[in-house]
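Accompanying notes for the structure given below.
The values are calculated or read from the model by the stated rules, or taken from the named source; none is laboratory data. If you're wondering where the values come from, they're calculated on a predicted model, not measured in any experiment. Here Cβ is always computed from backbone atoms with ideal geometry, including for glycine, and neighbour counts include all displayed protein chains. Remember, those area values only see protein heavy atoms, side chains included, never the ligands or the DNA or RNA. Shrake-Rupley method; radii C 1.70, N 1.55, O 1.52, S 1.80 Å.
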Amino acid sequence: MGSATRRGHRAQLHPGAWWLWALALGTAATRTTNPLLLALLITVSAYVVAARRPDTPWSRSYGAFVKLALAVILIRLLFAIVLGSPIPGTHTLLTLPELPLPAWAQGIRLGGEVTAEALTFALYDGLRLATLLICVGAANALANPSRLLKSLPGALYEMGVAVVVALTFAPNLIADVQRLRAARRLRGRPDKGMRGLLQVGLPVLEGALERSVSLAAAMDARGYGRTAQVPPAVRRTTAALTLGGLLGVCAGTYGLLTAEGAAYGFPLLLVGLAAALAGLRLGGRRSPRTRYRPDRWDVRAWLVVASGVAVAALLALAAARDPAALHPGVVPLVAPTLPLWPAAAVLLGLLPAFVAPDPEEPS
């Protein structure tokens, strides 16, 4: 029994690999507004989630992220209709009553003409953000948050606990609501409308409070917050490296996202990452911890991460070489086409569905 459990634990994919893969797909989504490529990215993430999602409470959060993505698209379209758009257009769909605004609100309008070009631009923009949210939802559905917490460096342990609790709160809340609504339906009681919401809300909050108290007791019993004595010079060096590294990462990322900073963006990003990693390694001395059965970063984890990075890199290259294909124009209004080799690059993101271990293996 024990050897089978150890084999199942070793067979599981490192949770960090799932997050890096999903973030790489999200990065690829930011490089294009082509709705066909964005839909293909959503399809790739959905297929991998369907093939490798475990039967756990946090894995059911993918549907909630999809609903949130749909809400983002609708809100973006609503803003384009009500507040207007800077995109000029000639195909007027409808004309709303326009409210006059004072002089200090120039550039903003309420109502007026709604053109097909403005709505198309809003749809492309909202779909890009929706794809990013769905990729994050895929990471939430595939990665075990408690195992991800174990893999964090010691310097980020306290912050990691807060992030993990925040990430797992919503999936557990959704699972509690579904369970209580199903129980009410079995008893013949209403589970919809304001009355059903009020009668379900109190048990859900009670369950959240019980989990919080249990988590606090478990953290206290395990010595959470215990720190080691570190010389002041090491603390100052750690703070300087971490802060400087994060500033370098921010500046390098900004450089990569702008055409003017392409020359210095990548080197500055590498320097910032190196400084931040050095600061985190030094900061780990202040928070000594051991890991029971640490997750191994094996070949399959490298393949999963490499597939996501390849998608992001190839779409960034395609955006630089053929921007018209990845950013279809809306003035004049033209139908988007699916570029072949960027679409083939997106399909590389399907690799985790074939190399990742079976989610039904013992753990």
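Here are the numbers:
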| read-out | value |
| --- | --- |
| Out of 131, 32, sole residue that is at pLDDT 85 or above and in contact with a His (Cβ under 9 Å, 6 or more places away or on another chain) | 32 |
| Extreme residue, least open to solvent (accessible area, probe 1.4 Å), among residues of the stretch 88-141 that are hydroxyl-bearing (Ser, Thr, Tyr) and more than 35 Å from the chain's Cα centre (by Cα) | 92 |
| Unique residue being modelled with pLDDT under 70 and surrounded by fewer than 16 Cβ atoms within 10 Å (Cβ to Cβ) when the list is 171, 153 | 153 |
| Of residues in the stretch 306-343 being open to solvent by less than 20 Å² (accessible area, probe 1.4 Å) and β-branched (Val, Ile, Thr), the one nearest to residue 42 (Cα to Cα) | 311 |
| Set 315, 338: member being outside the structural domain of residue 44 (by the TED database), under 19 Å from residue 28 (Cβ atoms), modelled with pLDDT of 85 or more and outside any loop (DSSP other than H, G, I, E, B) | 315 |
| Whichever residue in the stretch 51-70 is assigned to a helix (DSSP H, G or I) and open to solvent by 80 Å² or more (accessible area, probe 1.4 Å) and, among such residues, is nearest to residue 128 (Cα to Cα) | 70 |
| Some residue of the stretch 30-44 being basic (Lys, Arg), open to solvent by 30 Å² or more (accessible area, probe 1.4 Å) and closer than 24 Å to residue 312 by Cβ | yes |
| Selected residue (only one of 82, 44, 66, 48 is over 30 Å from residue 116 (Cβ atoms) and aliphatic (A, V, I, L, M)) | 48 |
| Residue within the stretch 354-362 that is in a helix (DSSP H, G or I) and farther than 12 Å from residue 13 by Cα present | yes |
| Meets criteria (among the small types (Gly, Ala, Ser), out of contact with any Phe, Trp or Tyr (no Cβ under 7 Å at 6 or more places or on another chain) and within 30 Å of residue 342 (Cβ to Cβ)) for residue 45 | yes |
